[in-house]
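Have a look at the structure below, then the notes.
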Amino acid sequence: MNQAREVLRCLARTVSGFTIYASGHPTRERALDELLHAVADLQEAAPGATFTFLDDEIVFGVHPLRGMGEWPWAERFSRVGVQRVEFVGPVDRDDLMHFVDDLARRLRRGRAESSEARVTRPTGIRYGLVHRDGLDDGDEEGGGLHLAPVDVDLVLEAETVRWLETELRGGGLLHLAEAEGVVFALLQAMHGGREMLLPLTRLKEFDQYTTAHSLNVSVLAMALAEQMGLGGAQVRSFGVSGLLHDLGKTRIPTEVLNKPGALSDAERTLIHSHTVEGAKLILEHDADLDLAAIVAYEHHRRTDGGGYPTFRIDRRCHDASDLVHVCDVYDALRTHRPYRDAWPHARVMNYIVEGGGGEFDPDVVRAFVDMMDRCTRADTRVDPDPGPAAPPPVDGDGEVNSRID
């Protein structure tokens with residue numbers, strides 16, 4: 001949106017002016033007036049406008065904002081404790097002056113202000129850190145407000161993913177902007193004040209399996225990437241990879257994917273081909289999605305060299321593939337499918353732990369267990385009884401991986 005881009009450009013000029021010039025200088029006052037007009041135009045077009053700065057990425061609402069080029073201010077604002085700016089009501093010149101003055105002061109000092117410096121006056125602008133689970137106002141480093149994320153309509157995100165799949169089934173394009181928008185929305189919801197990981201799996205109550213599975217794996221992959229200490233850009237890249245990991249299944253008839261009985265050799269070969277077809281689809285539509293293509297290709301490979309597809313030269317899979325593999329198996333086994341019943345949470349966790357070093361990367365397994373232990377402690381609805389040990393689900397010929405998802 002052009003109005004959103006203009007607000008950010010004016011904001012950067014105004015903050016620079018406040019940093020360089022003394023109060024009352026004509027350049028500073030002129031920049032503030034231009035920013036006021038830009039904000040008014042934006043609020044007319046998009047009431048409640050919200051910007052989120054995730055490292056060097058800019059999100060407007062729940063969608064990435066393109067067309068800003070190499071705009072360095074997102075990272076600068078985030079570094080000094082301003083990850084979110086919300087225009088929640090009418091904004092006057094005094095609001096903007098206090099907001100910009102605080103931003104300039106933070107940037108000069110290279111850090112967020114102390115808690116005593118927080119602005120308590122009524123204002124139409126809210127700004128500060130994006131709220132994360134486990135933090136409260138007393139935990140905040142620096143000043144500003146702890147903001148809850150923008151509300152995310154998960155039904156809408158599911159519909160977007162289903163539309164992406166339908167486009168590809170019909171021979172259409174892979175729409176990267178929409179896929180990234182879904183990932184940004186899920187990431188913001190994941191950082192909300194509510195436990196997100198396990199309730200998200202219940203999307204299957206109203207949505208098709210393939211769509212919900214893609215959303216679930218994306219969220220689990222981002223949460224696990226954060227658990228393992230990865231940075232924001234990598235987390236989002238892993239989220240996109242999780243969202244698109246099964247894209248090749250759009251090339252497989254649904255009657256084969258959902259067949260309740262044993263698979264024939266030809267049907268199993270067809271299902272196995274979704275890894276290769278998914279990688280091809282992604283690379284054909286967007287060369288910048290090389291990591292997503294790798295994950296689509298490798299996510300059924302085992303750490304011990306088994307699984308599929310077969311590599312011509314024995315090598316390790318990408319770390320993102322190992323990570324998505326665990327998330328993929330967890331969500332798949334937790335879901336009722338035409339060819340098997342869902343497993344209880346604890347039984348799935350036992351299976352993943354026992355597979356560490358064989359099917360799964362042991363470091364990823366340890367991080368996944370730690371993450372899920374934290375989540376399940378907060379969610380009393382998760383079944384606590386693992387039940388007796390059980391083998392993984394198999395089809396009529398004893399094949400595991402072809403029917404795991």
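The values are calculated or read from the model by the stated rules, or taken from the named source; none is laboratory data. None of the values given here were measured: they were computed from a predicted structure. We place every Cβ from the backbone using ideal geometry, glycine too, and count neighbours over all the protein chains shown.
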Could you please find all residues in region 166-202 being farther than 21 Å from F238 by Cα, at pLDDT below 80 and in a helix (DSSP H, G or I)?
R202
Looking only at region 57-79, decide whether some residue is under 29 Å from L187 (Cα atoms), part of a strand (DSSP E or B), at pLDDT 85 or above and out of contact with any helix residue (DSSP H, G or I) (no Cβ under 7 Å at 6 or more places or on another chain).
no
Report every pair of residues separated by at least 6 positions or lying on different chains whose Cβ atoms are under 7 Å apart, first residue within region 257-274 and assigned by TED's automatic domain parsing to the domain that holds A332, second outside any loop (DSSP other than H, G, I, E, B) and of a type in the set (S, T, N, Q).
L263/S402; R268/S402; I271/S402; H272/S402
Meets criteria (part of a helix (DSSP H, G or I), in contact (Cβ under 8 Å) with a residue 12 or more places away in the chain and of a type in the set (S, T, N, Q)) for T335:
no
Select from region 345-398 the residues that are at pLDDT below 65, touching a helix residue (DSSP H, G or I) at 6+ places or on another chain (Cβ under 9 Å) and under 17 Å from H300 (Cβ atoms) and list them in ascending order.
P392, P393, V394, D395, D397
Hey, can you tell me all the residues within region 257-279 that are closer than 25 Å to F360 by Cα, among the charged types (D, E, K, R) and either under 21 Å from the mean Cα position of the chain (by Cα) or surrounded by fewer than 17 Cβ atoms within 10 Å (Cβ to Cβ) (or both)?
none
Output for region 295-319, where each listed residue is β-branched (V, I, T) and either buried (at least 19 other Cβ atoms within 10 Å of the Cβ) or in contact (Cβ under 8 Å) with a residue 40 or more places away in the chain (or both)
V295, T303
Can you pull out the residues in region 80-100 that are part of a helix (DSSP H, G or I) and surrounded by fewer than 18 Cβ atoms within 10 Å (Cβ to Cβ)?
R93, D94, H98
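Per-residue answers, yes or no, for (1) crowded, with 20+ Cβ neighbours inside 10 Å; (2) in the same structural domain as L107 (by TED's automatic domain parsing); (3) not aliphatic (A, V, I, L, M):
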residue	(1), (2), (3)
T14	yes, yes, yes
F18	yes, yes, yes
G24	no, yes, yes
D33	no, yes, yes
M68	no, yes, no
Matching residues in region 312-345 (among the polar types (S, T, N, Q) and closer than 17 Å to A293 by Cα) number 1
Enumeration of residues in region 1-45 that are small (G, A, S), under 22 Å from R76 (Cα atoms) and assigned to a helix (DSSP H, G or I):
A4, A12, S16, G17, A31, A38
